[in-house]
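Readers should treat all values here as calculations from the given coordinates under stated rules, not as data from a laboratory. This is a predicted model, so every value here is computed, not measured. Virtual Cβ from ideal backbone geometry, glycine too; neighbours counted across all protein chains shown.
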Amino acid sequence: MTRALVHVVAGALIDPQGRVLIAQRPAGKHLAGGWEFPGGKLEPGEERRIGLARELREELGVTIGVPRPLVRVRHAYPSRDILLDMWVVKNFTGEPQGLDGQALRWCPQEELGSANLLPADEPIVAALRLPERLLRADTAEYQVREMAELDTTVVGQLRGVYCSSFAEGAAAVAAGASFLVMRHAVPAEVLAGLCESVPLPVFAREVSLRQAWDMGASGINVITQ
């Protein structure tokens, strides 16, 4: 029997020092004691940004500004299947508080990998290393290549792949890419469909950051090719 998919919206709140807020699941809840990015279930018919703002207000007592889409990943726990809709939140007002009785911790990004995060949250740690704007094809954190040049043996750098269509994006995901980079501008519906379908961050081309975010992309590609 196919299990229902639980759609969860969550936010990586980042403070001026670059630290990320994580929360510990309280006793009595599913996976109690594990650490996670704050958020919760999306209500039926609720728009994702609205759901994120509601969850962070109810859970932390903060009001958020415009969030940045990061990545949508699926994870199968023994008891349920999760679609984790992850966002980056740099603009918020209010001091975060554990209004559900959860412990909170501001964690330096380099320590997230050892913070005992829940399994569904682990792919987020790598995605958080990516900037909003890709300015170069090679940095210490990532490299961007054509599909034929993808090297999955690379250690220490995230692997970006240029693509122009859903088919190319799906092939890059299957080949082990860490993120997708649009080679040129594509119709809004193509970009939005790709962002919704792949479990990787996507970087748009020839649009503003806000336009990219509105279509679900994590950032923009301004690499000079």
remark   = Note on segment 161-212: contact order normalised by length, alpha-carbon pairs under 8 Å, 6 or more apart, percent, works out to 38
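Using the Cα centre of the chain as the reference point, and only Cβ charges (+1 on K/R, -1 on D/E), how large is the resulting charge dipole? Debye, rounded to the nearest 20. Walk me through the intermediate numbers first.
Numbers: 23 positive and 27 negative charges, 16 e Å.
Charge dipole, the chain, about its Cα centre: 80 debye, nearest 20.
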inquiry  = With just the Cα atoms defining each centre, how far is segment 165-184 from segment 186-217? Give it in Å.
reply    = 12
ask   = How would you classify segment 5-127 from its alpha-carbon gyration tensor, with a ≥ b ≥ c the square roots of the eigenvalues: rounded for a/c under 1.5, else prolate if a/b is greater than b/c, otherwise oblate?
value = rounded
task = Quick one: compute the contact order of segment 13-112, relative version, from alpha carbon pairs under 8 angstrom and 6+ residues apart, as a percent.
result = 34
request  = Work out the charge dipole of segment 111-212 with +1 on the Cβ of Lys and Arg and -1 on the Cβ of Asp and Glu about the Cα centre, then indicate which of 147, 137, 171 is farthest towards its positive end.
outcome  = 137
ask   = How far, in degrees from 0 to 90, does helix 166-175 lean away from the longest principal axis of the Cα atoms of the chain, to the nearest 10?
value = 70
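Could you work out the helix-only [θ] at 222 nm for the chain, with each DSSP H run of four or more residues adding -39,500 (n - 2.57) and the total divided by the number of residues, to the nearest 500 deg cm²/dmol? Mind showing how you got there, number by number?
Working: 5 runs with 45 residues, N = 225.
So the helix-based figure for the chain works out to -5500 deg cm²/dmol.
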ask   = Can you work out ³J(HN,Hα) from phi for every residue in segment 138-147, in order, using Karplus 6.51 cos²θ - 1.76 cosθ + 1.60 and θ = phi - 60°, giving whole Hz and x for Gly and Pro?
value = 9, 9, 5, 8, 8, 9, 10, 9, 5, 4
request  = Assuming a ≥ b ≥ c are the square roots of the Cα gyration tensor eigenvalues, decide whether segment 151-225 counts as rounded (a/c under 1.5), prolate (otherwise, with a/b larger than b/c) or oblate.
outcome  = prolate
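With +1 assigned to the C-beta of every Lys and Arg and -1 to the C-beta of every Asp and Glu, and no other charges, what is the dipole magnitude of segment 30-116 about the Cα centre in debye, to the nearest 20? Working shown, then result.
Numbers: 11 positive and 13 negative charges, 51 e Å.
That gives segment 30-116 a dipole magnitude of about 240 debye.
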key: Spacing of the two label points (7 Å from each Cα toward its C-beta) at residue 30 and residue 138, in nm   = 4.5
inquiry  = List the residues, sorted by chain then number, that are 5 or more residues from residue 70 or on another chain and whose placed amide H is less than 5 Å from its amide H.
reply    = 86, 87, 88
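Considering only the chain, what is the antiparallel percent among its DSSP beta bridges, to the nearest 5?
Values: 21 of 46 bridges.
Among the beta bridges of the chain, antiparallel pairing accounts for roughly 45 percent.
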query = With the contact rule set at Cα under 8 Å and sequence spacing of 6 or more, what percent relative contact order holds for segment 133-221?
reply = 24
key: Correct option for Cα extents along the principal axes in Å [calculated from the coordinates] among (1) 51, 38, 29; (2) 50, 47, 34; (3) 47, 33, 32   = (2)
task = In nm, give the distance between the simple-model label positions of residue 95 and residue 46, each being 7 Å from the Cα along the Cα-to-Cβ direction.
result = 2.7
